[in-house]
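This report concerns only the one structure given below.
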Amino acid sequence: MALHCPECGFVNPEGANYCQKCGAFLGRQEGTEDPTTMTYKIDETGEFQPIDIDEEVKSAGAALVIRSGGGRAGESFTIGRERMSIGREPDASVFLDDVTVSRNHALLVERQDGHYVDDLGSLNGTYVNRRRIESHLLADGDEIQIGKYRLSYLER
């Protein structure tokens with residue numbers, strides 16, 4: 001069974017501990033517990049504010065959580081608006097600082113039947129569950145990849 005790198009997506013051979021492309025750790029060793037990640041928001045002062053993601057999702061209805069990339073694993077963004085921009089533009093609702101992310105990369109949009117992620121013609125594309133998309137209706141647990149960032153979509 002091949003192992004996909006959680007950082008760059010490279011397919012590594014079975015039994016590998018580190019990615020052959022980027023060197024990221026590929027998984028836990030046998031006999032150890034699964035690691036957990038603290039979920040947080042960054043407050044007005046720039047400090048980490050720990051949050052209970054289940055409570056956030058219940059109150060807001062949906063959230064995006066960075067799972068890997070850029071050293072920001074665990075950072076969350078509640079989806080409380082009809083439209084949220086995702087990109088390298090500093091004013092983006094979900095700011096992703098990576099050269100492989102376009103300034104205006106994608107848009108999270110609420111439509112009648114749910115939340116969609118729409119690619120805005122980005123050079124490197126937007127992926128949902130490892131498939132390149134132009135527009136995709138999101139379901140709870142979907143993985144969105146934009147540049148080196150992997151985000152999980154969570155809804156109540």
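The values are calculated or read from the model by the stated rules, or taken from the named source; none is laboratory data. What you see is a predicted model, and the numbers here were worked out from it, not measured in a lab. Heads up, the Cβs are rebuilt from the backbone with ideal geometry, glycines too, and the neighbour counts pull from every protein chain shown. Note: areas computed on protein heavy atoms with side chains; ligands, DNA, RNA excluded. Shrake-Rupley method; radii C 1.70, N 1.55, O 1.52, S 1.80 Å.
At least 3 residues that are touching a residue at least 12 places away in the same chain (Cβ under 8 Å) in each: list the strands (runs of 3 or more DSSP E) lying fully within region 116-156 that qualify.
Once the strands (runs of 3 or more DSSP E) in region 116-156 are filtered for at least 3 residues that are touching a residue at least 12 places away in the same chain (Cβ under 8 Å), what remains is 126-128, 135-137, 143-146, 149-155.
Quick check on my filter: what residues within region 143-156 are closer than 25 Å to Val99 by Cβ and open to solvent by less than 50 Å² (accessible area, probe 1.4 Å)? First the steps, then the outcome.
Initially, region 143-156 is screened for residues closer than 25 Å to Val99 by Cβ, giving 143-153.
Answer for region 143-156, where residues must be closer than 25 Å to Val99 by Cβ and open to solvent by less than 50 Å² (accessible area, probe 1.4 Å): Ile144, Gln145, Ile146, Gly147, Tyr149, Arg150, Leu151, Ser152, Tyr153.
Taking region 5-17, which residues are surrounded by 13 or more Cβ atoms within 10 Å (Cβ to Cβ) and not aliphatic (A, V, I, L, M)?
If the condition is that a residue be surrounded by 13 or more Cβ atoms within 10 Å (Cβ to Cβ) and not aliphatic (A, V, I, L, M), then Cys5, Pro6, Glu7, Cys8, Gly9, Phe10, Asn12 are the ones that fit.
Please go through region 115-132 and pick out each residue that is open to solvent by less than 20 Å² (accessible area, probe 1.4 Å) and more than 23 Å from Asp91 (Cα to Cα).
Val128
State yes or no: is Leu137 in contact with a strand residue (DSSP E or B) (Cβ under 7 Å, 6 or more places away or on another chain), modelled with pLDDT of 95 or more and either within 16 Å of Pro6 (Cβ to Cβ) or surrounded by fewer than 16 Cβ atoms within 10 Å (Cβ to Cβ) (or both)?
Yes, satisfied.
Of Gly9, Gly80, Gly27, which residue is modelled with pLDDT of 80 or more and within 26 Å of Ala139 (Cβ to Cβ)?
Result: Gly9 is the single residue among Gly9, Gly80, Gly27 that is modelled with pLDDT of 80 or more and within 26 Å of Ala139 (Cβ to Cβ).
Every residue, every condition in (1) modelled with pLDDT of 95 or more; (2) among the charged types (D, E, K, R); (3) over 14 Å from the mean Cα position of the chain (by Cα), yes or no:
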site	(1), (2), (3)
Ser102	yes, no, yes
His105	yes, no, no
Glu110	no, yes, yes
Val117	yes, no, no
Thr126	yes, no, no
Ile133	yes, no, yes
Leu154	no, no, no
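Please go through region 78-114 and give me each residue that is in a strand (DSSP E or B) and either touching a residue at least 60 places away in the same chain (Cβ under 8 Å) or open to solvent by 30 Å² or more (accessible area, probe 1.4 Å) (or both), ordered by number.
If the condition is that a residue be in a strand (DSSP E or B) and either touching a residue at least 60 places away in the same chain (Cβ under 8 Å) or open to solvent by 30 Å² or more (accessible area, probe 1.4 Å) (or both), then Thr78, Arg83, Ser85, Ile86, Phe95, Glu110, Arg111 are the ones that fit.
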